[in-house]
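The values are calculated or read from the model by the stated rules, or taken from the named source; none is laboratory data. Since the model is a prediction, treat every value here as computed from it, not as a measurement. Cβ placement follows ideal geometry from the backbone for every residue including glycine, while neighbour counts extend to all protein chains displayed.
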Amino acid sequence: MRPDVQDQVFSIIAREALRDPSELSAEMTLEELGLDSLGLVEVIFAIEETFDVSVPFNANEPAATQFDMSSVGAIVTAVERLMSGGNPSSAVA
Amino acid sequence: MRRVVISGAGTINALAEGVAQTQAAMEAGRCAIGELAFRDVERLSIRIGAQIKGYDASARFTAQELALYDPFTQYALIAGAEAMAQAGLERAPDPARWGCIIGTAGGGHTTANNAYRAVFAEAKNRVHPLTVPKLMGNAAPSHLAIRFGLQGPSFAVATACASSNHAIGLAFQMVRSGMVEGMLAGGSEAMLNFGGLKAWEGLRVMSPDGCRPFSASRNGMVQGEGAGVFVIETLESATARGATPLAEIVGFAMTSDASDVVMPSLDGAAAAITGALADAGVAPEEVGYINAHGTGTAANDRIETAAIRQVFGAAAELVAISATKAMHGHCIGGTGAVELVACLMALRDGVIAPTIGYDTADPDCDLDYVPNVARRAEVGAALSNAFAFGGLNAVLALRRI
């Protein structure tokens, strides 16, 4: 994981979860952090704005998403993959 | 039929936050109209309005709440909290039998304005993900329902400048008929932004220098913003809980001109006033105060005067009439609710708010408009007029209790 990406993703998730980034660890899930569906779309929006990427997430089919949000660390990896252009990003306008 | 009272009132508007503070400002004849301050205001030809100043949303709501609350929702929640507290309620006492109706013309207009700016002007390709639930017109009643546990009928009403009166009138009818036990009702508007004012100035009805209702020098309306929300319930339930009824709502009528979309109609307005009096069982001679629609446009004030004359006959000479929009601006969908605060002051405190900015008599507007200075008077019954673009009229009748 690139440290700068990790720091920024942790900071985004922490802000939405009303935690300090130091309380987060890579294996934590968004559920554990108490993020509801609105918090989730806020996280996705902040990621898109921060990294200038488009996250392929559809709230109607969260399971079908190609963006792994199973844990905080998985999100960091997924963001890195998006930044390297390794993932289709047409699912979200 | 059941007797229906207002047992709690709340407001935030450019005059003040709070009913007591707003009434004090109205009694003093204070004018909250001034220079507008927001992005791109220099591109407007109309640069005055009654804007709520010194308001810090982040001091009142969390970041998570603000992601969902457009200013019009914030104002409704602030007014609703004041009203509920005055009524002695933390939550709806019987959730399934309590609801909420909020009038608004623009809904989350500021949110829409900002989102359009982002995608059209700034060529951004995404807007905040919660833009839709934030801008929808029913956001205010929905968040009031969530906050206070109102699980009965809740919805928004959009009838432009009559939205608040329609909302309050419907709530009154629902409580009176027994359909519900109690309602939060009122209106909220927050359209003072570049896109909103740009649209309004195009209509050529806005004054560049001030709101002077019923005065010969009047040259248009001045827009305001804010909310008024009221707890409306039966007299029985209010007194059983130890709440103090502020006034009784006794009548309501609504009519449609079904003619011109912007030009007011004497017959439509008169029919709404007549209907409210008949519904209330109040004779014109009993009415001590009319809170006029009184926008300060040439057409409204002339036609409203003629409508009052037509319905009241000789009693028109005796009734005190005022247009408080000269103080708090035209709060569009929220205006009837803010103006109901003046009706409560007349009925409860015997103080009639003045029509400020009155400087020159107009032969077409020849009634008693309580010019410039508040007046003491015993008021047993009051009317609140609202005549909207679209030709939709809504008049409320209240009695002292």
Query raised in the report: Where residues in the range B:21-51 are free of Cβ contacts under 8 Å to residues at least 24 places away in the same chain and aliphatic (A, V, I, L, M), which of them is farthest from the other protein chains (Cβ to nearest Cβ)?
Result: B:ALA24
Query raised in the report: Do you know which residues across the range B:364-393 are over 22 Å from B:THR274 (Cβ atoms) and touching a Pro at 6+ places or on another chain (Cβ under 6 Å)?
Result: B:VAL370, B:ASN372, B:VAL373, B:ALA374
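Please list, ordered by residue number, the strands (runs of 3 or more DSSP E) wholly in the range B:318-401 having 3 or more residues that are touching a Gly at 6+ places or on another chain (Cβ under 6 Å).
Once the strands (runs of 3 or more DSSP E) in the range B:318-401 are filtered for at least 3 residues that are touching a Gly at 6+ places or on another chain (Cβ under 6 Å), what remains is B:392-399.
Within the range B:121-141, how many residues are within 14 Å of chain A (Cβ to nearest Cβ) and over 19 Å from B:SER188 (Cα atoms)? Steps first, please.
Narrowing the range B:121-141 to residues within 14 Å of chain A (Cβ to nearest Cβ): B:122-134, B:139.
If we keep only those that are over 19 Å from B:SER188 (Cα atoms) too, we end up with B:122-130.
Qualifying residue count for the region: 9.
Filter the range B:1-27 down to residues that are more than 17 Å from the chain's Cα centre (by Cα) and exposed (fewer than 15 other Cβ atoms within 10 Å of the Cβ), then give me how many there are.
Of the residues in that region, 2 qualify.
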Query raised in the report: Going through the range B:92-120 one residue at a time, which ones are of a type in the set (A, V, I, L, M, F, W, C), more than 14 Å from chain A (Cβ to nearest Cβ) and within 21 Å of A:ALA46 (Cα to Cα)?
Result: B:ALA112, B:PHE120
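Only residues that are out of contact with any helix residue (DSSP H, G or I) (no Cβ under 9 Å at 6 or more places or on another chain), over 24 Å from B:LEU203 (Cβ atoms) and in a loop (DSSP other than H, G, I, E, B): list them for the range B:241-270, please. Spell out how you get there, then give the answer.
Kept after step one, since they are out of contact with any helix residue (DSSP H, G or I) (no Cβ under 9 Å at 6 or more places or on another chain), are these residues of the range B:241-270: B:241-242, B:260-261.
Next, from what is left, pick out any that are over 24 Å from B:LEU203 (Cβ atoms): B:241-242.
Across the range B:241-270, the qualifying residue is only B:GLY242.
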**Report entry** Residue list for the range A:45-67, restricted to those being touching a Phe, Trp or Tyr at 6+ places or on another chain (Cβ under 6 Å) and within 12 Å of chain B (Cβ to nearest Cβ)
**Finding:** A:VAL55, A:PHE57
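With respect to B:ASP257, is the statement that it is buried (at least 22 other Cβ atoms within 10 Å of the Cβ), touching a residue at least 24 places away in the same chain (Cβ under 8 Å), of a type in the set (D, E, K, R) and touching an Asp or Glu at 6+ places or on another chain (Cβ under 8 Å) true? I'd like the intermediate steps shown before the answer.
Working: buried (at least 22 other Cβ atoms within 10 Å of the Cβ): no; touching a residue at least 24 places away in the same chain (Cβ under 8 Å): yes; of a type in the set (D, E, K, R): yes; touching an Asp or Glu at 6+ places or on another chain (Cβ under 8 Å): yes.
The answer is no for B:ASP257.
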Query raised in the report: Is there a residue in the range B:206-214 that is farther than 30 Å from B:VAL175 by Cα, of a type in the set (Gly, Ala, Ser) and not assigned by TED's automatic domain parsing to the domain that holds B:VAL395?
Result: yes
Report summary line: Residue set B:ARG204, B:ARG218, B:ARG212, B:ARG176; condition among the basic types (Lys, Arg) and closer than 21 Å to B:ALA83 by Cα; output residue B:ARG176
Report task. Please give the number of the condition B:GLY88 fails out of (1) more than 14 Å from chain A (Cβ to nearest Cβ); (2) surrounded by fewer than 20 Cβ atoms within 10 Å (Cβ to Cβ); (3) on the phi < 0 side of the Ramachandran plot. Result -> (3)
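Please pick out the residue among B:GLY18, B:GLY54 that is of a type in the set (Gly, Ala, Ser), more than 14 Å from chain A (Cβ to nearest Cβ) and under 26 Å from B:VAL370 (Cβ atoms). Break it down stepwise before answering.
Values: B:GLY54 fails: under 26 Å from B:VAL370 (Cβ atoms).
Matching residue, one of B:GLY18, B:GLY54: B:GLY18.
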Report task. Kindly list the number of the only condition in (1) within 14 Å of chain B (Cβ to nearest Cβ); (2) under 13 Å from the mean Cα position of the chain (by Cα) that fails for A:GLN8. Result -> (1)
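Might you let me know whether the range B:271-279 holds any residue that is in contact with a Pro (Cβ under 8 Å, 6 or more places away or on another chain) and assigned to a helix (DSSP H, G or I)? Walk me through how you get there before you give the answer.
Of the residues in the range B:271-279, the ones in contact with a Pro (Cβ under 8 Å, 6 or more places away or on another chain) are B:277.
Applying the additional criterion that residues be assigned to a helix (DSSP H, G or I) yields B:277.
Checked against the condition, which is being in contact with a Pro (Cβ under 8 Å, 6 or more places away or on another chain) and assigned to a helix (DSSP H, G or I), the range B:271-279 yields at least one hit.
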Report task. For B:LYS124, state whether it is over 30 Å from B:ALA323 (Cα atoms), free of Cβ contacts under 8 Å to residues at least 60 places away in the same chain and basic (Lys, Arg). Result -> yes
Query raised in the report: Restricting attention to the range A:20-44, which residues are within 13 Å of chain B (Cβ to nearest Cβ) and either surrounded by 16 or more Cβ atoms within 10 Å (Cβ to Cβ) or modelled with pLDDT under 90 (or both)?
Result: A:LEU35, A:ASP36, A:SER37, A:LEU38, A:GLY39, A:LEU40, A:VAL41, A:GLU42, A:VAL43, A:ILE44
